[in-house]
Amino acid sequence: MAKRGFDIQKQTGFATIAMACFAMLYLPIILLVLYSFNSGTSVAIWEGFSWRWYASAWANEQVQEATVRSLIIAFWASAIATSVAVMAALATTRTPKFKGQTMVFAMINQPLMVPEIVTAVALLIFFAMIKVATGYTGLLYLIIAHAAFCIPFAYLPIRARLQGMDLSLEQAAADLYASPWHVFRRITLPQLWPGILAGAMLAFVISLDDVVITEFVKSAGQDTLPTYMLGQLRRVITPEINAISAVLLGISVIMVIAFTLLSKIRN
């Protein structure tokens, strides 16, 4: 008689535990979105349906400034991180194996392995020395910090895309005396675009939602939307925070869905 393989789904209590986990994960998010439509000022007592807090957030100049600032930082950080990630992915997938390749891979993914607070403190100390030496306190520090943190998030889908590509076209182009640049531009890049866009969107979302690194690196008057919300939570909590959170959630969900769809595209 053949032995049956282990199936976690058939274990006693699996469905109950799974449903409990999903409830703990998503019930707070559902309540957050629900109370963003509360007409009253309480975040715990329902007083009727209203778009009041969305309109309030839309008209809030501080929210507008923080949103624009967040989008600028996220755009440039994702662009820089994706560019570096493409070069790193090509260097680790389109070159012969070399000594220390595993170490290079670990260094690229270092932000994923080291606690974010450690990265934030290190960046704070590093940029503080530069600020003292140069006197410059602009957004460039935040863009560089976010880009450095987002590199592995862009790198992983791009590298996965490169590893899954058929090398025959690239080899054929090389056999026909095409230069490495022409092979990349004419053959590799068109096939790599879904991975690049997926990596860029993932990096954009990570940068847009970041709090810890931003809180440590930013100068006075450089609040992003997440740090503005954190500051408001320390003062007074109103459904306006729920409304802003719901909008950020919606943006993140759309970007993640697009990331998933692009990751599945095959040429």
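If only residues of region 56-96 that are in a loop (DSSP other than H, G, I, E, B) and not charged (D, E, K, R) are counted, the one that is farthest from Y228 (Cα to Cα) is P96. When the residues of region 58-97 are narrowed to those that are under 28 Å from Q171 (Cβ atoms) and among the hydrophobic types (A, V, I, L, M, F, W, C), which ends up surrounded by the most Cβ atoms within 10 Å (Cβ to Cβ)? Among those that are under 28 Å from Q171 (Cβ atoms) and among the hydrophobic types (A, V, I, L, M, F, W, C), it is A85. One residue is enough: does region 97-117 have a residue meeting the conditions in contact with a helix residue (DSSP H, G or I) (Cβ under 7 Å, 6 or more places away or on another chain), outside any helix (DSSP H, G or I) and farther than 30 Å from P194 by Cα? No, that holds for no residue. Regarding A174, is this residue assigned to a helix (DSSP H, G or I) and crowded, with 16+ Cβ neighbours inside 10 Å? It is false that A174 is assigned to a helix (DSSP H, G or I) and crowded, with 16+ Cβ neighbours inside 10 Å.
Listed here are the residues, each with its yes/no results for (1) within 30 Å of F153 (Cα to Cα); (2) exposed (fewer than 14 other Cβ atoms within 10 Å of the Cβ); (3) of a type outside the set (K, R).
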position	(1), (2), (3)
G13	no, yes, yes
A23	yes, yes, yes
Y26	yes, yes, yes
G40	no, no, yes
A55	no, yes, yes
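If you take the residues in region 140-171 that are of a type in the set (S, T, N, Q) and closer than 16 Å to R185 by Cα, which one is surrounded by the fewest Cβ atoms within 10 Å (Cβ to Cβ)? Among residues in region 140-171 that are of a type in the set (S, T, N, Q) and closer than 16 Å to R185 by Cα, the one surrounded by the fewest Cβ atoms within 10 Å (Cβ to Cβ) is S168. Of all the residues in region 98-134, those that are surrounded by 11 or more Cβ atoms within 10 Å (Cβ to Cβ) and under 16 Å from K218 (Cβ atoms) number 13. Taking region 179-267 as the region of interest, the helices (runs of 4 or more DSSP H) fully inside it that hold 3 or more residues being polar (S, T, N, Q) are 239-263. Residues of region 118-162 that are in contact with a helix residue (DSSP H, G or I) (Cβ under 6 Å, 6 or more places away or on another chain) and more than 23 Å from A79 (Cβ to Cβ): L124 alone.
When region 61-84 is examined, which residues are found to be basic (K, R) and touching a helix residue (DSSP H, G or I) at 6+ places or on another chain (Cβ under 7 Å)? Answer for region 61-84, where residues must be basic (K, R) and touching a helix residue (DSSP H, G or I) at 6+ places or on another chain (Cβ under 7 Å): there is none.
Throughout, read-outs are computed from the coordinates displayed, never taken from laboratory work. All figures in this text were calculated on a predicted structure; none of them were measured in a lab. Heads up, the Cβs are rebuilt from the backbone with ideal geometry, glycines too, and the neighbour counts pull from every protein chain shown.
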